[in-house]
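Dropping a structure here in structure tokens format, bear with me for questions.
The values are calculated or read from the model by the stated rules, or taken from the named source; none is laboratory data. Since we're looking at a predicted model, the values are computed, not measured. Every residue, glycine as well, gets a Cβ built from its backbone with ideal geometry; the counts of neighbours run over all protein chains shown. Note: areas computed on protein heavy atoms with side chains; ligands, DNA, RNA excluded. Shrake-Rupley method; radii C 1.70, N 1.55, O 1.52, S 1.80 Å.
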Amino acid sequence: MNSSSGSRVSLLGPRRPAVRPSRPVNGPPGSRAGPRFRVETVIFSYTTCSAAAESSRMSSSIPSKMKAWIYNDYGGPEVLKFESDVAVPEVKDDQVLIKVVAAALNPIDFQRRVGKFKAIDSPPPTVPGYDVAGVVVKVGSQVQGLKEGDEVYGDINEKSVEQPKRFGSLAEYTAVEERLLALKPKNLDFAQAASLPLAIETAYEGLERAGFSAGKSILVLGGAGGVGSLVIQLAKQVFGASKVAATSSTGKLEFLKSLGADLAIDYTKENFEDLPEKFDVVYDAAGQRDRAVKAVKEGGSVVIISGGAATPPGFFFSLTSNGVVLKKLSPFLESGKVKPVIDPHGPFPLDKVDEALSYLETKRATGKVVIFPINP
């Protein structure tokens with residue numbers, strides 16, 4: 001992000017530390033100021049080994065069984081079990097096998113578990129998880145652009161809700177089509193990379209579908225969340241927005257500004273739809289479609305990513321994952337203009353996925369909830 005964006009996050013060389021917003025910090029004793037929200041840098045040390053060393057160690061010893069989270073029936077949190085004897089998935093001709101280093105959670109993980117998409121879902125048993133970052137340890141016969149030892153990341157499901165994979169990323173290994181992956185940006189560690197794919201592809205696809213372009217204004221609802229935090233950055237740094245406004249709770253307003261928001265709106269004190277200013281695009285990442293349509297200019301668009309079909313000016317879309325988008329955005333990630341945001345309550349280790357999902361369901365997460373380490 002450019003210095004003009006107001007972010008206090010610095011780039012620390014070729015292996016950048018993870019960028020995480022801190023927990024809220026109260027004002028000085030006796031003050032009436034609310035909690036402040038900083039953006040911090042936190043150093044992880046797990047990317048010191050080379051890809052070549054990883055490949056040499058791992059490709060020769062792929063096990064037949066692995067640790068993974070799995071559920072055999074739809075239901076509440078109790079159906080999700082951590083098991084150590086799940087079969088390592090077979091690799092198809094167009095796939096690679098990834099030894100997973102980090103993964104990230106998304107609302108669709110628990111929505112899928114409770115059977116929200118049962119009619120079009122792949123039937124259980126299911127290993128959940130969409131976002132992945134790790135090392136290629138085996139390649140299918142038709143794979144041409146990746147090799148063993150490559151550090152990759154991606155959203156493993158081409159269609160989010162239509163027949164997604166039964167073997168997801170919340171496991172020690174996962175098999176993924178080459179076209180859904182990209183090489184991990186060199187300056188990002190695995191946890192940072194895992195936090196990005198589904199959210200950044202959703203942010204980008206929504207902006208493209210809305211016809212967003214340089215000089216236009218945008219209002220982002222839910223600007224501190226996994227998708228919203230990236231919509232702000234992409235709108236400003238990639239698409240050239242003239243003005244970015246975003247909503248959050250009181251304690252996260254400064255965080256929104258650090259991402260590039262020109263106007264941070266406290267939804268606990270203001271109704272965004274009552275503002276005299278209207279926007280070319282409203283990106284609803286908070287499930288507020290009925291209010292969102294009141295904040296858009298005539299002829300504008302409202303991007304809706306949950307709740308199904310919408311009426312104009314709103315439109316709903318479900319992400320189609322594509323590694324090409326990740327490759328296209330790589331220069332913005334490697335330059336630091338667009339930064340991953342990891343929730344400060346994490347990373348959660350693999351055996352604490354149930355706790356991480358419960359936290360995600362509170363809808364209080366800032367940025368993405370990351371699972372690390374998966375393969376130490």
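Is it the case that Ser169 is among the hydroxyl-bearing types (Ser, Thr, Tyr) and farther than 26 Å from Lys294 by Cα?
yes
Only one residue in Gly300, Gly307, Gly287, Gly314 is surrounded by fewer than 22 Cβ atoms within 10 Å (Cβ to Cβ), in contact with a helix residue (DSSP H, G or I) (Cβ under 6 Å, 6 or more places away or on another chain) and not polar (S, T, N, Q), so which one is that?
Residue meeting the stated conditions: Gly314.
Quick one: in the range 69-83, of everything that is assigned to a strand (DSSP E or B) and open to solvent by 40 Å² or more (accessible area, probe 1.4 Å), which residue is nearest to Ser122 (Cα to Cα)?
Lys81
With the requirement that a residue be open to solvent by 20 Å² or more (accessible area, probe 1.4 Å) and farther than 16 Å from Glu158 by Cα, what does the range 116-138 give you?
Lys116, Lys118, Ala119, Pro123, Pro124, Pro125, Lys138, listed by residue number.
For the condition within 27 Å of Asn157 (Cβ to Cβ), of a type outside the set (D, E, K, R) and in contact (Cβ under 8 Å) with a residue 40 or more places away in the chain, what is the one hit in Phe348, Phe272, Phe316, Phe372?
Answer to the selection: Phe372.
Could you grab me the full set of residues in the range 259-314 that are within 24 Å of the chain's Cα centre (by Cα), under 18 Å from Gly206 (Cα atoms) and not aliphatic (A, V, I, L, M)?
Tyr283, Asp284, Gly287, Gln288, Arg289, Ser301, Ser306, Gly307, Gly308, Gly314
Give, as residue ranges, the helices (runs of 4 or more DSSP H) completely inside the range 269-366 that count at least 3 residues that are more than 17 Å from Gly222 (Cβ to Cβ) and of a type in the set (A, V, I, L, M, F, W, C).
323-334, 353-361
Considering the range 184-218 alone, what residues qualify as being of a type in the set (Lys, Arg) and buried (at least 24 other Cβ atoms within 10 Å of the Cβ)?
Result: Lys184, single match.
Take the residues of the range 333-376 that are at positive phi and not charged (D, E, K, R): which is surrounded by the most Cβ atoms within 10 Å (Cβ to Cβ)?
Checking each candidate, the answer is Gly367.
What are the residues in the range 143-181 that are in contact with a strand residue (DSSP E or B) (Cβ under 8 Å, 6 or more places away or on another chain), among the small types (Gly, Ala, Ser) and either under 17 Å from Val88 (Cα atoms) or open to solvent by 20 Å² or more (accessible area, probe 1.4 Å) (or both), if any?
Of everything in the range 143-181, those that are in contact with a strand residue (DSSP E or B) (Cβ under 8 Å, 6 or more places away or on another chain), among the small types (Gly, Ala, Ser) and either under 17 Å from Val88 (Cα atoms) or open to solvent by 20 Å² or more (accessible area, probe 1.4 Å) (or both) turn out to be Gly168, Ser169, Ala171, Ala175.
If I filter the range 89-105 down to residues being touching a Lys or Arg at 6+ places or on another chain (Cβ under 8 Å) and open to solvent by less than 20 Å² (accessible area, probe 1.4 Å), which single residue comes out as nearest to Ile342 (Cα to Cα)?
Ala104
OK, next. Show the residue pairs meeting these rules: Cβ distance below 8 Å; 6+ apart or different chains; first residue within the range 132-149 and at negative phi; second residue in a loop (DSSP other than H, G, I, E, B) and hydroxyl-bearing (Ser, Thr, Tyr).
Correct list of pairs: Val132/Ser169.
Also: Report, ordered by the first and then the second residue, all pairs with beta carbons closer than 6 Å, sequence separation of six or more or different chains, a first member in the range 354-368 that is within 22 Å of Leu253 (Cβ to Cβ), and a second member that is part of a helix (DSSP H, G or I).
Filtered contacts from the range 354-368: Gly367/Ser229.
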